[in-house]
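Trainee: This is the structure I want to talk about, given as structure tokens.
The values are calculated or read from the model by the stated rules, or taken from the named source; none is laboratory data. A quick note: this is a predicted structure, and the numbers were derived from the prediction, not measured. Cβ coordinates were reconstructed from backbone atoms using ideal geometry, including for glycine residues, and neighbour counts include every protein chain displayed.
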Amino acid sequence: MPRPLMPHDTSTPFVQTNTGKLLGRHWALFFLLGMMVIFAFTGPGFFEVVNFQNIIHLATISILLAVAETFVIITGGIDLSVGFVMGLSSTLAARIMVTLGSTGMGEPLLIVLGTLAGLLVAFIPGFISGTLVARFKVPPFIATLGMWGICNGITLHLCDGFLPIAGLPSVLPRLGNGYLFYIHKGQSFTLFKKPDYIPDERVRELIRLVPFSFILIGAVVLVFWFILHKSRFGQHTYAIGGNLDAAIRAGIDVDRHLVKIYMLSSFLAGLAGVFNVFQTGIGNYTTFSSMYELFAVAAVVIGGASLLGGKGRIVGSMVGVLVLAVLKNGLAISGVQPFVRYIAVGVLLTFAVIIDQLFPDLF
């Protein structure tokens, strides 16, 4: 007798269900929330407002670099030079401020000129990298790795080796680490600066809310979110990463656009370097062990971008940065050894790529 036919399995794979797609699209956000719950129990003081402000304030540089990498990665490229471009802008801005200060120039003017120099010089590595990638078809990895070394060498020359550039105006760290609101319970409430009767060593007595860095982050994220998601420039960026041949046939000047992308990335790295001057009060050389560029790439991929191009979101990259920042902060507060962070980042990055393979059409 013929064997009866078995009914076909009509069940939908989990990754194709609405729940599966929701988890796949927002897994980093769910992971972030889960970490916060765990660290709330294991890390004393983790849920304090001061701690959350510190997490975001200290992640400002990572957010700027992640926004930079988002644009580059969407086009299918990568920018390994952002860490040392940041160092170049930081040391050049600081060197100019110190030099102009020795001539007797007023602090406001020398700060403005040093800041502009730090921002403008950042366009040069991006222009060179973009030209190599677009005009000479040099792989982005090689082109930006070359700028990585060049910027590193110039920075070493500017700071005479590994010495930070000191002697900058004392107002810089007050601006870079200032807050919008200062509250002295039952006594005073001030805007933009702490009460004059409170010395620096007693500043912890104040309730400080909304760091100035939040304004910078908000402005950068809002502007570049609009550029990426609401402008023709952003549409062209996605088109190039999604299908290069189709973008060329659509009339997009791919070469010119790629040069602009790498200049934009480099500029944001320069902005991170200038902010670092304001945050620390010195010109900082980027050390080899910092790996700013690799953590920025990791944050963007964790946030949903694909290294193959065509996918990525500013908000997703922000979530990726917060995942890494909260992980670092929570492990430190919980007393876990620092090397665990690197292991966790590696695991998260691998998991993010697996998610990208399982849900290729989600983002």
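Trainee: Those residues that are in contact (Cβ under 8 Å) with a residue 40 or more places away in the chain, among the β-branched types (V, I, T) and closer than 17 Å to R174 by Cα, I need them from the stretch 87-116; list them, please.
Mentor: Within the stretch 87-116, I111, T115 qualify.
Trainee: I183 fails exactly one of the following numbered conditions: (1) β-branched (V, I, T); (2) assigned to a helix (DSSP H, G or I); (3) at pLDDT below 95. What is the number of that condition?
Mentor: With respect to (1) β-branched (V, I, T); (2) assigned to a helix (DSSP H, G or I); (3) at pLDDT below 95, I183 is out only on (2).
Trainee: Let me ask something additional. So, G234, is that one modelled with pLDDT of 95 or more, surrounded by 15 or more Cβ atoms within 10 Å (Cβ to Cβ), in a helix (DSSP H, G or I) and in contact with a Ser or Thr (Cβ under 7 Å, 6 or more places away or on another chain) or not?
Mentor: The answer is no for G234.
Trainee: When the stretch 124-158 is examined, which residues are found to be buried (at least 20 other Cβ atoms within 10 Å of the Cβ) and of a type in the set (G, A, S)?
Mentor: Once the filter is applied, which keeps residues that are buried (at least 20 other Cβ atoms within 10 Å of the Cβ) and of a type in the set (G, A, S), the stretch 124-158 yields G126, S129, G130, A134, A143.
Trainee: Under the condition of being over 22 Å from I73 (Cβ atoms) and among the hydroxyl-bearing types (S, T, Y), which residue from the stretch 266-287 is surrounded by the most Cβ atoms within 10 Å (Cβ to Cβ)?
Mentor: Y285
Trainee: Scan (1) at pLDDT 90 or above; (2) assigned to a loop (DSSP other than H, G, I, E, B); (3) at negative phi for the single condition G167 breaks and write down its number.
Mentor: (3)
Trainee: Can you tell me which condition Y197 does not meet? The list is (1) more than 23 Å from N51 (Cβ to Cβ); (2) surrounded by 14 or more Cβ atoms within 10 Å (Cβ to Cβ), and all the others hold.
Mentor: (2)
Trainee: What is the residue count in the stretch 181-194 for residues that are surrounded by fewer than 15 Cβ atoms within 10 Å (Cβ to Cβ) and of a type outside the set (D, E, K, R)?
Mentor: 7
Trainee: Next up: Please name all residue pairs, on different chains or six or more residues apart, with Cβ atoms under 9 Å, provided the first residue is in the stretch 136-161 and is closer than 28 Å to G76 by Cβ and the second residue is surrounded by fewer than 17 Cβ atoms within 10 Å (Cβ to Cβ) and of a type outside the set (D, E, K, R).
Mentor: Within 9 Å, the pairs are A143/F136; G146/V138; N152/F288.
Trainee: On the given criteria, is G346 surrounded by 22 or more Cβ atoms within 10 Å (Cβ to Cβ) and in contact with a helix residue (DSSP H, G or I) (Cβ under 9 Å, 6 or more places away or on another chain)?
Mentor: Answer is no for this residue.
Trainee: Please give the number of the condition H157 fails out of (1) out of contact with any Phe, Trp or Tyr (no Cβ under 8 Å at 6 or more places or on another chain); (2) at pLDDT 95 or above; (3) farther than 15 Å from V277 by Cα; (4) part of a helix (DSSP H, G or I).
Mentor: Only one criterion in (1) out of contact with any Phe, Trp or Tyr (no Cβ under 8 Å at 6 or more places or on another chain); (2) at pLDDT 95 or above; (3) farther than 15 Å from V277 by Cα; (4) part of a helix (DSSP H, G or I) is unmet by H157, namely (2).
Trainee: In the stretch 61-112, which residues are in contact with a helix residue (DSSP H, G or I) (Cβ under 7 Å, 6 or more places away or on another chain) and among the polar types (S, T, N, Q)?
Mentor: Scanning the stretch 61-112 gives S62, T70, T75, S81, S89, S90, T91.
Trainee: Check every one of the helices (runs of 4 or more DSSP H) wholly within the stretch 250-363 and list those with 1 or more residues that are of a type in the set (S, T, N, Q).
Mentor: 254-280, 314-333, 339-358
Trainee: Name the pairs whose Cβ atoms lie under 6 Å apart, with the first residue in the stretch 42-67 and β-branched (V, I, T), the second surrounded by fewer than 18 Cβ atoms within 10 Å (Cβ to Cβ), and 6 or more positions between them or separate chains?
Mentor: T42/S334
Trainee: Report whether or not I227 is under 13 Å from V67 (Cα atoms) and either free of Cβ contacts under 8 Å to residues at least 60 places away in the same chain or surrounded by fewer than 16 Cβ atoms within 10 Å (Cβ to Cβ) (or both).
Mentor: yes
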